[in-house]
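Quick note: the coordinates plus some simple rules give every number you see, no bench work behind them. Keep in mind that this is a model prediction, so the values were computed, not measured. Here the Cβ positions follow ideal geometry from the backbone for every residue, glycine too, while neighbour counts run over all protein chains shown.
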Amino acid sequence: MATISSPGIGSGIDVSSIVSQLVALERAPLTQLQSTARTTQTKLSTYGTIASQVSALGDAAAKLGSSSGWNAVSATSSNTSAIGVTVSAGTAATALTMEVSQLAKAQSAASSAVPTASAVGTGSMTIELGAWSGNSFTAGSATPVSITIEAGQDSLTEIAAKINDAGAGVSATVLKDASGERLLLRSKETGAENGFKISVTDDDGNNGDNIGLSRLGFDLASGSGLTQTQSGQNALATINNVSISSASNLLKDTLPGISIQLSQVTTSPVEINVTKDTETVSANVQAFVSAYNTLNATLASATKYDSSTQTAGTLQGDSTATGLQNALRAMMRSVTGSSAYSRLSDVGIELQSDGSLATDSTKFSSALSNLDELKSLFTIATGSSTTQGFGLKIKEFASALIDTGGRITNRTDALQSAIDRNTDDQERVTDRAARAEVRYLAQYNAMDANVAKLSALNSFITQQITLWNNA
């Protein structure tokens, strides 16, 4: 007899339904495993959030635990249009009076006009940097730069390009107007020591006739060639009535940690003040409070039980989360070895009934006026983890939680391992159900075939008996 291809066709029994229900029983453990996986994954995600927030709290604490976190300073100028001021962190507070009588300028010169794009002449130019005193030039330490001007490459535009490419400390450009074009030269640096002199060897044999290339020479002693349009000069100013001179309008090394930009000659004294930047300090402390409150809110939500909705938080009953919550709150109540302020509450940072921190603005403002003692509350190093400054102790506490071997890291690893085991269990259940389905189908198909045979035999016998009775 041929193999039955449709389960149950030989016996009339719904084999597919029976096998489906039996396989469903085999797969039943998957429901609990999948539910457990979802719960564990949610816990793992929550711990990921907690780890990130612990890291943020540690970073905020580290900023307060380091001296650099308290070194912010600000500078003001009573006339920013004339004198701009910037300061580096840690610069000592000070007050200055400044006046500017002269700005630093770069030497510049211009040639006489020539027809546009005309050939100027060939030869060579040697550019020297140094200082002019009247008509006397003193060369500086820079090596003179020589530039060769060849035929076909001697228009002012091409000569300007050669000067710019030579790196001689002078910049060149071409000015065009109705009279033709002129070569403009300017020292790249301001200051009396950064002037320039140009010596020309003219291929026409005469280096001082202002014909050919000699018209681009510059020497105040001879008076030939380019015309000086601006002499190089230093900035002249006074700081607290002490005279200073600078080749640059940007004074970087004149005062420790203070950079001064001179923009205008002043008509009256300019007041410069460098003060401790308490706004930045206040922002750093508030960032610490906010980081703690964010973590506290996450832990409170994850560990609570809402009796009104009968809903448990993701980590309700989780000893690691509960322990962390209690440890953080206890730490906020702890003391340090600093003198004027030993508790956070002394400076207006107070623990609330829900575990969060709130800042009393009046007390904190008062603490800001005593900045060194406020700094000590966060930075004092006593050698003891319980009495050192809050910035130091909380930084170390946060690091211990999320570093290798830390409580949060270990808990996260354990949850990930549980998820991995759960995945393996689900795969085993699925594989077992698949093999059971094959086995059940084989068994029921065999039964179905046997029933079909018996049914056929029964029909044959019944037919024969009927024929015998009729005979």
I want to check the label-to-label distance for Ile239 and Thr116. Put each point 7 Å from Cα in the C-beta direction and report it in nm to one decimal.
5.0 nm
Report the normalised scattering of segment 307-418 as log10 I(q)/I(0) at q = 0.18, 0.21 Å⁻¹, calculated by the Debye formula with identical scatterers on the alpha carbons.
-0.96, -1.13
Relative contact order [Cα under 8 Å, 6+ residues apart], the chain, whole percent
24 percent
Taking the chain as the reference, fit the longest principal axis to its C-alpha atoms, fit the long axis of helix 390-402 to the helix C-alpha atoms, and give the angle between the two in degrees, 0 to 90, nearest 10.
40 degrees
Once both axes come from the Cα atoms, what is the angle between helix 319-332 and the longest principal axis of the chain, in degrees from 0 to 90, rounded to 10?
30 degrees
Which three extents, in angstrom, do the Cα atoms of segment 348-471 have along their principal axes, listed largest first?
128, 31, 15
Rounded, prolate or oblate (a/c below 1.5 giving rounded, otherwise prolate when a/b exceeds b/c) for segment 249-356 by Cα gyration tensor
prolate
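Which values, in whole Å and largest first, are the semi-axes of the equivalent ellipsoid of segment 108-230 obtained as the square root of 5 times each eigenvalue of the Cα gyration tensor?
21, 15, 14
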Which value in deg cm²/dmol, rounded to the nearest 500, describes the helix-derived mean residue ellipticity at 222 nm for the chain, given -39,500 (n - 2.57) per DSSP H run of n ≥ 4 and division by the residue count?
-14500 deg cm²/dmol
Which entry is the computed percent of Cα pairs over 35 Å apart for this structure: [x] 67; [y] 35; [z] 30?
[x]
